[in-house]
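Notes follow the structure.
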Amino acid sequence: MNSVLPALYGSMLCLAAQTTLTPVILDTDLGDDIDDTWALAMVLGCPQLDLKLIVTSTHDTEAKTRLVAKILERVGRTDIPIGTGVKTGDREINQAKWLGNYDLGSYPGKIYEDGVQATIELIKSSSAPMTLLVIGPQTNLKEALLREPAIAEKARVVSMAGSVEIGYRGKPEREPEWNIRCDVAAARAVFAAPWAITMAPLDVCGTLVLDGAHYAHVAASDTPRAVAVIENYRAWKHFPNYPEGRSSVLFDTVAAYLTFDEALCEMKTVNLSIDDEGNTVPDETGRPVRCALGWKNLDGFKRLLVEALTGKPFRPAEEARGPEGDP
Ligand SMILES: [Ca+2]
């Protein structure tokens, strides 16, 4: 093989990779639970994804837009536009300590004051079907569907939402999950639209934490998105409630993974309906939802997450070994 061919082959591979990137809009209540910050950093580190827009949701969405902007500036990704979603309250965000008095005035990137309209326009103008990664209450999507129902023909939804058979902390019974319970009408509107829905319910993500060598690898990383995650986690209002050396439950990262792959999860299509309390109940007359109900390879997922956050290989054979040489 002459020296030109490997270079040509390499650029063809790059081209192939570029043409198969999944376009994603991230709709997030980042600033409440800290797992959204982990999920955002994960999305930024996944080469399969092309993050087109980040829209903030729930409570003080203006402060949340400032928080996203500071994170994007910190990790050098101000090329990604941010949209402010529907404001539902004034509650102070839980990462106010890290946000400080950060001012959008000097932010170099694009900010849309109407994040719902930005979502609609982006879906309409996209040549490829859009993936809506929704990891908060679904208030913005309800508003988008009201304004432009046709978006459901050009998009699919991947959400962290619901509880099919398992509740919080592995509790062996269904219970109302926060993102659904927070805005039941919105979740029902999203269920009623004719797009495909994939869900990461509590069944798969309700006990997911990084600890041991996995957490240590992220905490020791000097990759800007990993540094931003750990700084935010340590400044998070609820951080003092968690033991040192582990994450809180990283619900939203599983939905982020499901935007581009499902091989690590047990997947099943379940017909679901939503009751008045926000339970997602299996029901023959309900709408089909592709659900991740468990793990085929949890360790593989943790590895993928650590590598997306740090941008470096994770070698468990060396790093997971304890001081006594335990595997
Ligand atoms: Ca969330």
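Computed from the coordinates by the stated procedures, all read-outs in this text should not be read as laboratory data. Since the structure is predicted, the reported quantities are computational estimates derived from the model, not experimental observations. Please note: Cβ atoms are built from the backbone with ideal geometry, for glycine as well, and neighbour counts cover all protein chains shown.
For this structure, a couple of remarks:
- Computed from point charges on the beta carbon alone (+1 for Lys and Arg, -1 for Asp and Glu), the dipole magnitude for the chain about its Cα centre is near 620 Debye.
- Here the label points at residue 297 and residue 207, each 7 Å from Cα along the C-beta direction, are separated by 2.2 nm in the simple model.
- Point-to-point label distance, residue 169-residue 153, nm (Cα→Cβ direction, 7 Å offset): 4.8 nm
- Computed over the alpha carbons of the chain, Rg followed by Dmax gives 19.7, 67 Å.
- Other-chain or far-sequence residues with amide H under 5 Å of residue 177's (modelled H): 162, 163, 280
- The length gained by stretching the chain between residue 237 and residue 126 to full extension, at 0.36 nm per residue less their Cα-Cα distance, is 36.2 nm.
- Pairwise FRET efficiency - residue 110 versus residue 146, Cβ, R0 = 22 Å, nearest 0.05: 0.35
- In summary, the lysines within cross-link reach of residue 312, defined as a Cα separation below 26 angstrom excluding same-chain residues under 8 places away, comprise 52, 70, 296, 302.
- Amide H contacts under 5 Å for residue 199: 159, 290, 291, 292, restricted to partners 5 or more places along the chain or on a different chain, H placed in the peptide plane at 1.01 Å from N.
- Taking amide hydrogens as placed 1.01 Å from N in the peptide plane, the amide H of residue 295 sits under 5 Å from those of 266, each at least 5 positions away in sequence or on another chain.
- Mean-position separation - Cα centroids, region 127-147 and region 265-282, in angstrom: 19 Å
- Sorting the segments 147-157, 132-142 by their mean number of nearby beta carbons within 10 angstrom, highest to lowest, gives 132-142, 147-157.
- Charged neighbours of residue 275, selected by a Cβ distance under 11 Å, balance to 0 (K, R count +1; D, E count -1).
- Of 267, 42, 160, the residue with the greatest mean-square motion in the GNM of the chain, using alpha carbon springs below 10 Å, is 267.
- Length gained on full extension, residue 223 to residue 267: 12.6 nm, using 0.36 nm per residue less the C-alpha separation.
- Subtracting the Cα-Cα distance of residue 78 and residue 244 from 0.36 nm times their residue separation leaves 56.6 nm of extension gain.
- Each of 131, 159, 49 was scored by the projection of its Cα onto the charge dipole of the chain, and the greatest displacement toward the positive side belongs to 49; charges sit on the C-beta of Lys, Arg, Asp and Glu.
- Calculated mean residue ellipticity, 222 nm, the chain: -11000 deg cm²/dmol, from DSSP H runs (n ≥ 4) at -39500 (n - 2.57) each, averaged per residue and rounded to 500.
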